[in-house]
Amino acid sequence: MTILVTGGTGYIGSHTVVELHKLGQDVVILDNLSNSKLIVLDRIEQISGKRPLFIEADIRDAAALDSVFSEHDIKAVIHFAGLKAVGESVAEPLRYYDNNVAGSLRLLEAMSKAKVKNVIFSSSATVYGSPERLPIDEDCALRTTNPYGANKLQIEQMMGDLCVSDADWSVVALRYFNPVGAHESGLIGEDPKGIPNNLMPFITQVASGLRAELSVFGDDYDTPDGSGVRDYIHVVDLALGHVKALGLFTKAIGFNPINLGTGNGYSVLEMVKSFERVNEIKIPFNISPRRPGDIASCYAQPNKALTMMDWQASKGLDQMMKDAWHWQSNNPNGYE
Ligand code: NAD
Ligand code: UDP
């Protein structure tokens with residue numbers, strides 16, 4: 001039995017494939033390489049000693065999906081494939097709805113046809129918008145503030161409706177908080193195109209001299225030091241969360257949203273200090289205006305993951321900083 005991993009050559013997908021291989025699990029990756037490179041397959045093989053089967057295809061291609069399900073004995077799908085840049089989703093909403101929502105619809109149709117009714121979906125804490133309360137539990141109100149967030153919510157709703165229509169479906173929607181870091185080997189990691197939008201790759205690019213200084217977006221939030229607070233989670237912990245979620249299919253039918261976070265919030269300035277201390281590299285920064293659409297604080301109540309699937313994050317901030325820098329310093333231009 002095989003797991004189909006859509007988006008498996010991407011940042012989180014590649015780390016998850018490594019963890020699946022560690023368990024001896026067979027994997028087929030389907031990815032259109034719109035935001036990843038083939039060399040990732042070599043790196044996965046270097047780490048795990050096993051090369052995943054790879055199919056270059058788009059999740060919107062119904063015929064390609066049908067042939068994957070007919071040629072392989074797929075027992076479950078882990079669905080990472082999607083576009084993920086919030087700003088880009090505001091500028092190009094139709095591209096995002098097509099790729100993310102229509103793409104997920106095509107995938108669910110193909111699964112339904114093939115009678116594969118187990119799926120883990122990469123959702124996001126962005127579905128909580130400006131959170132109703134902190135820490136954020138899965139019952140907090142769902143409200144999104146941009147097309148990317150709306151995509152995630154619509155896909156969740158589509159999956160929820162499917163579960164209502166047919167009790168054989170089991171869906172785990174993992175709502176990630178802020179994934180950072182890289183595999184400890186330094187062979188796979190985050191490879192953003194152009195100027196990074198996210199904090200962690202920006203910090204590592206400043207550390208490597210690719211960028212002069214970090215702009216800290218706002219120091220006047222209602223947080224202990226005024227900068228924004230987020231729940232950063234090591235990508236390997238996140239990957240392990242998917243492995244645990246596979247175990248839910250036999251015991252939890254229906255639609256199950258589960259937060260994957262550590263429960264700890266760190267500010268931008270704390271992140272900078274921690275990186276500097278762990279890696280002994282100075283990060284020059286300036287205080288800039290708030291970034292439009294940002295919220296002050298966002299961190300998880302992660303108890304549901306512990307109770308339902310015996311998962312909790314085990315890697316702390318120091319490890320995240322160390323591994324993020326190890327990846328960046330070994331691969332100054334990403335996978336190029
Ligand atoms: P990523 O861009 O590194 O990986 C996504 C992969 O999907 C890429 O390899 C890309 O080529 C592929 N892809 C995109 N559209 C496709 C399509 N139509 N058909 C086939 N393949 C396609 O991103 P990531 O950080 O690994 O994120 C994985 C998932 O997790 C995404 O759905 C993302 O929205 C979600 N997520 C990410 C974060 C984060 O901060 N990284 C946070 C919350 C949720
Ligand atoms: N941030 C920052 N400078 C940057 C990028 C991000 O100060 O160059 C801040 C941002 O305002 C937020 C935190 O870092 O408070 C995390 O931002 P990121 O984009 O990584 O994640 P998200 O906004 O999705 O939580």
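The values are calculated or read from the model by the stated rules, or taken from the named source; none is laboratory data. Worth saying up front: this structure is predicted, and the values here are computed from it rather than measured. Please note: Cβ atoms are built from the backbone with ideal geometry, for glycine as well, and neighbour counts cover all protein chains shown. Ligands, DNA and RNA are stripped out before the accessible areas are found, and what is left, the full protein with its side chains, is counted by its heavy atoms. Shrake-Rupley method; radii C 1.70, N 1.55, O 1.52, S 1.80 Å.
Exactly one residue among S14, S34 is open to solvent by less than 30 Å² (accessible area, probe 1.4 Å) and either within 15 Å of G241 (Cα to Cα) or out of contact with any helix residue (DSSP H, G or I) (no Cβ under 7 Å at 6 or more places or on another chain) (or both), and that residue is S14.
Residues that are open to solvent by less than 30 Å² (accessible area, probe 1.4 Å), closer than 17 Å to A182 by Cα and part of a helix (DSSP H, G or I) were ranked within the range 257-278; the one that is nearest to ligand 2 (Cβ to nearest atom) is M271. The residue that is most open to solvent (accessible area, probe 1.4 Å), counting only those in the range 196-208 that are touching a strand residue (DSSP E or B) at 6+ places or on another chain (Cβ under 7 Å) and within 15 Å of ligand 1 (Cβ to nearest atom), is F202.
Note on the range 224-234: residues that are away from ligand 1 (no atom under 12 Å from the Cβ), open to solvent by 20 Å² or more (accessible area, probe 1.4 Å) and closer than 20 Å to Q301 by Cα total 1.
When the range 189-220 is filtered for residues that are away from ligand 2 (no atom under 12 Å from the Cβ) and either among the hydrophobic types (A, V, I, L, M, F, W, C) or without any contact (Cβ under 8 Å) to a residue 12 or more places away in the chain (or both), the ones remaining, listed by number, are G194, A207, G209, L210, A212.
Let's see how each residue does on (1) crowded, with 16+ Cβ neighbours inside 10 Å; (2) part of a loop (DSSP other than H, G, I, E, B):
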{"site": "E190", "(1), (2)": "yes, yes"}
{"site": "G194", "(1), (2)": "no, yes"}
{"site": "L210", "(1), (2)": "no, yes"}
{"site": "F249", "(1), (2)": "yes, yes"}
{"site": "F255", "(1), (2)": "yes, no"}
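For the range 47-71, filtering for residues that are open to solvent by 30 Å² or more (accessible area, probe 1.4 Å) and part of a loop (DSSP other than H, G, I, E, B) leaves 6.
For the range 106-119, the condition holds for no residue, the condition being that it is within 16 Å of ligand 2 (Cβ to nearest atom) and within 26 Å of N178 (Cβ to Cβ). One residue is enough: does the range 275-287 have a residue meeting the conditions within 15 Å of ligand 1 (Cβ to nearest atom) and touching a residue at least 40 places away in the same chain (Cβ under 8 Å)? No, because not a single residue in the range 275-287 is within 15 Å of ligand 1 (Cβ to nearest atom) and touching a residue at least 40 places away in the same chain (Cβ under 8 Å). So is E336 among the acidic types (D, E), under 30 Å from S185 (Cβ atoms) and more than 16 Å from ligand 1 (Cβ to nearest atom) or not? No. For the residues I74, I44, I78, the requirement of being open to solvent by less than 40 Å² (accessible area, probe 1.4 Å), away from ligand 1 (no atom under 13 Å from the Cβ), of a type in the set (V, I, T) and touching a residue at least 60 places away in the same chain (Cβ under 8 Å) singles out I74.
Annotation note: of A245, A324, the sole residue that is among the aliphatic types (A, V, I, L, M), touching a Gly at 6+ places or on another chain (Cβ under 8 Å) and either free of Cβ contacts under 8 Å to residues at least 24 places away in the same chain or in a helix (DSSP H, G or I) (or both) is A324. Within the range 162-188, the set of residues being open to solvent by 10 Å² or more (accessible area, probe 1.4 Å), of a type in the set (A, V, I, L, M) and within 16 Å of ligand 2 (Cβ to nearest atom) is empty.
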